[in-house]
Amino acid sequence: MGLHNRRYRLAARPAGMPARSDFEFCEEAVRELRDGEVLVKVLYISLDPAMRGWMSDARSYIAPVAIGEVMRAGGAGRVVASRNDAIAAGDHVVGMFGVQEYAIAGASRMQRVDPSLAPLTTYLAALGMPGMTAYFGLLDVGRPVPGNTVVVSAAAGAVGSIVGQIAKIKGCRAIGIAGGVAKCAYVTGELGFDACIDYKGEDVRAALRDRCPDGIDVYFDNVGGAILEAALARLAMHARIVICGAISQYNSGTMKGPSNYMSLLVHRASMTGMVVFDYAPRFGEAARDLAAWLKSGMLKSREDVVAGLDNFPEALAMLFTGENTGKLVLKVANA
Ligand SMILES: NC(=O)c1ccc[n+]([C@@H]2O[C@H](COP(=O)([O-])OP(=O)(O)OC[C@H]3O[C@@H](n4cnc5c(N)ncnc54)[C@H](OP(=O)(O)O)[C@@H]3O)[C@@H](O)[C@H]2O)c1
């Protein structure tokens, strides 16, 4: 085919923040397709906090990326050649395409999407994995009822922003926690949350006492650490804590849990972990609701697009310094 692929392979397991030196940038020829395979030109790569976990060899819900393997990542692209009847050249698809310009996979490893219904990047955001995580994490695990107070951390990010908006749609009070005045203004202004606590500028425990006078019914945790402890200290009776992630701990080497977990006993509360992939058989159900809410304007999806495959290592680090607002996506090529 004569095509050239530029890709990042994992070169080392990071200590602390992932860095450029943890990756090897390679240029390799694209091989010929075999029967059943599809060649995808990757247009956007999804940058996710989970990628930090996949770089580590600690036991997790999925095998780590091997040293020398192309870095794992979700993405969206256009099919340029196909030897599979289910997918044709010209189709747009999403899948786990890796950090590279071209991906080869079987048709069962990708899903067709329609860019005339929503921008391709939205299929990596509200209509993609973050949207599914927010939907099932909040509704299935958090089980909010109208009038509940729902608190969510990383509220200006991909998952958190959708969680709070769904909470509002379901008749709850939505309180965000985010870093900085500008992000908090976005969360209450553009996204319509009832309040947002700036954890970088406010005492989170005092702010939760103030914004949640009747306690927290659902806490959707994206960050762990001190913010999880502050939420545990403010639970309402029978509260539900959704453990979605703990980004404040991912680069720390040793993960620290909350010391005040006995608040669960006192409040007859629960804390439940969730992994979005468990809900794959029900993604269609979530996609229908999320697409309808997007169409009606009840839900907003914001994608923070950084351009250039070359910038991948530095763009990934933005998730951990909080430089992204909304879903962080790397643009690899023009549609
Ligand atoms: N369980 C699942 O199946 C599943 C699926 C998807 C995502 N997740 C998890 O969901 C969480 C959010 O992921 P996302 O894709 O939506 O990312 P995101 O929220 O768009 O981006 C990460 C955000 O985390 C915040 N952050 C970074 N370091 C922090 C710290 N030390 N303390 C507090 N906040 C910090 C930053 O916002 P600020 O500027 O506000 O600090 C940053 O923008 C992550 O923990 C991720 O692992 C889990």
Report summary line: Listed by first then second residue, the pairs whose first member lies in segment 184-203 and is among the hydroxyl-bearing types (Ser, Thr, Tyr), whose partner is assigned to a loop (DSSP other than H, G, I, E, B) and surrounded by 15 or more Cβ atoms within 10 Å (Cβ to Cβ), with beta carbons under 8 Å and at least 6 positions apart or on separate chains, are Tyr186/Ala156; Tyr186/Thr325; Thr188/Asp194; Tyr199/Gly179
Query raised in the report: Among the residues of segment 1-19, is any in contact (Cβ under 8 Å) with a residue 12 or more places away in the chain, out of contact with any Gly (no Cβ under 9 Å at 6 or more places or on another chain) and either under 19 Å from Ala307 (Cβ atoms) or of a type in the set (Ser, Thr, Tyr) (or both)?
Result: yes
Report summary line: Counting only strands (runs of 3 or more DSSP E) wholly inside segment 91-170, the ones holding at least 3 residues that are away from the ligand (no atom under 14 Å from the Cβ) are 92-95, 102-106, 110-113
Report task. Answer yes or no as to whether Ala76 is assigned to a strand (DSSP E or B), within 30 Å of Gly245 (Cβ to Cβ) and within 16 Å of the ligand (Cβ to nearest atom). Result -> yes
Report summary line: Per the filter on segment 247-277, residues part of a helix (DSSP H, G or I) and in contact with a Phe, Trp or Tyr (Cβ under 8 Å, 6 or more places away or on another chain) are Ile247, Val276, Phe277
Report summary line: Checked pairs for segment 103-118, first farther than 24 Å from Ser296 by Cβ and among the aliphatic types (A, V, I, L, M), second assigned to a loop (DSSP other than H, G, I, E, B) and modelled with pLDDT of 95 or more, C-beta under 6 Å and 6 or more apart or across chains, list as Ala103/Phe97; Ala107/Asn84; Ala107/Ala86; Ala107/Ile87
Query - Answer from Ser46, Ser21, Ser56 - the residue that is crowded, with 21+ Cβ neighbours inside 10 Å, polar (S, T, N, Q) and in contact with a Pro (Cβ under 9 Å, 6 or more places away or on another chain) - result: Ser46
**Report entry** Condition check for Ala246: without any contact (Cβ under 8 Å) to a residue 12 or more places away in the chain and within 14 Å of the ligand (Cβ to nearest atom)
**Finding:** no
Query raised in the report: Can you tell me which residues in segment 249-275 are within 16 Å of the chain's Cα centre (by Cα) and either more than 15 Å from the ligand (Cβ to nearest atom) or among the aromatic types (Phe, Trp, Tyr) (or both)?
Result: Tyr250
Query raised in the report: Taking segment 311-335, which residues are in contact (Cβ under 8 Å) with a residue 40 or more places away in the chain and more than 16 Å from the chain's Cα centre (by Cα)?
Result: Phe312, Pro313, Glu314, Lys331, Val332, Ala333, Asn334, Ala335
Report summary line: In segment 292-327, residues that are more than 8 Å from the ligand (Cβ to nearest atom) and assigned to a loop (DSSP other than H, G, I, E, B) total 7
Report task. Give the residue that is farthest from the chain's Cα centre (by Cα), with candidates limited to residues of segment 39-61 that are in a loop (DSSP other than H, G, I, E, B) and in contact (Cβ under 8 Å) with a residue 40 or more places away in the chain. Result -> Asp57
Requested in this report: Hey, could you check segment 1-38 for residues that are among the acidic types (Asp, Glu) and under 27 Å from the mean Cα position of the chain (by Cα) and say which is nearest to Ser108 (Cα to Cα)?
Outcome: Glu24
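Give me a count of the residues in segment 207-241 that are in contact with a helix residue (DSSP H, G or I) (Cβ under 8 Å, 6 or more places away or on another chain) and either more than 16 Å from the ligand (Cβ to nearest atom) or touching a residue at least 40 places away in the same chain (Cβ under 8 Å) (or both).
Step one: list which residues in segment 207-241 are in contact with a helix residue (DSSP H, G or I) (Cβ under 8 Å, 6 or more places away or on another chain), which gives 208, 216, 218-227, 230-235, 240-241.
In the following step, the residues that additionally are either more than 16 Å from the ligand (Cβ to nearest atom) or touching a residue at least 40 places away in the same chain (Cβ under 8 Å) (or both) were identified as 208, 216, 218-223, 227, 231, 233-235, 240.
Summing the residues that are in contact with a helix residue (DSSP H, G or I) (Cβ under 8 Å, 6 or more places away or on another chain) and either more than 16 Å from the ligand (Cβ to nearest atom) or touching a residue at least 40 places away in the same chain (Cβ under 8 Å) (or both) in segment 207-241 gives 14.
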Query raised in the report: For the subset of segment 2-23 comprising residues that are assigned to a loop (DSSP other than H, G, I, E, B) and in contact with a strand residue (DSSP E or B) (Cβ under 7 Å, 6 or more places away or on another chain), which member is modelled with the highest pLDDT?
Result: Ala11
Query raised in the report: Hey, any hits in segment 276-290 for a residue that's near the ligand (Cβ under 8 Å from one of its atoms), surrounded by 15 or more Cβ atoms within 10 Å (Cβ to Cβ) and at pLDDT 95 or above?
Result: yes
Requested in this report: Report, by residue number, each residue of segment 84-102 that is charged (D, E, K, R) and in contact (Cβ under 8 Å) with a residue 40 or more places away in the chain.
Outcome: Glu101
Query - Candidate set from segment 176-206 (those that are in a loop (DSSP other than H, G, I, E, B), more than 10 Å from the ligand (Cβ to nearest atom) and within 12 Å of Val151 (Cβ to Cβ)); member that is nearest to the chain's Cα centre (by Cα) - result: Phe193
Query raised in the report: Does Ala286 count as part of a helix (DSSP H, G or I) and not acidic (Asp, Glu)?
Result: yes
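The values are calculated or read from the model by the stated rules, or taken from the named source; none is laboratory data. Since the structure is predicted, the reported quantities are computational estimates derived from the model, not experimental observations. Cβ coordinates were reconstructed from backbone atoms using ideal geometry, including for glycine residues, and neighbour counts include every protein chain displayed.
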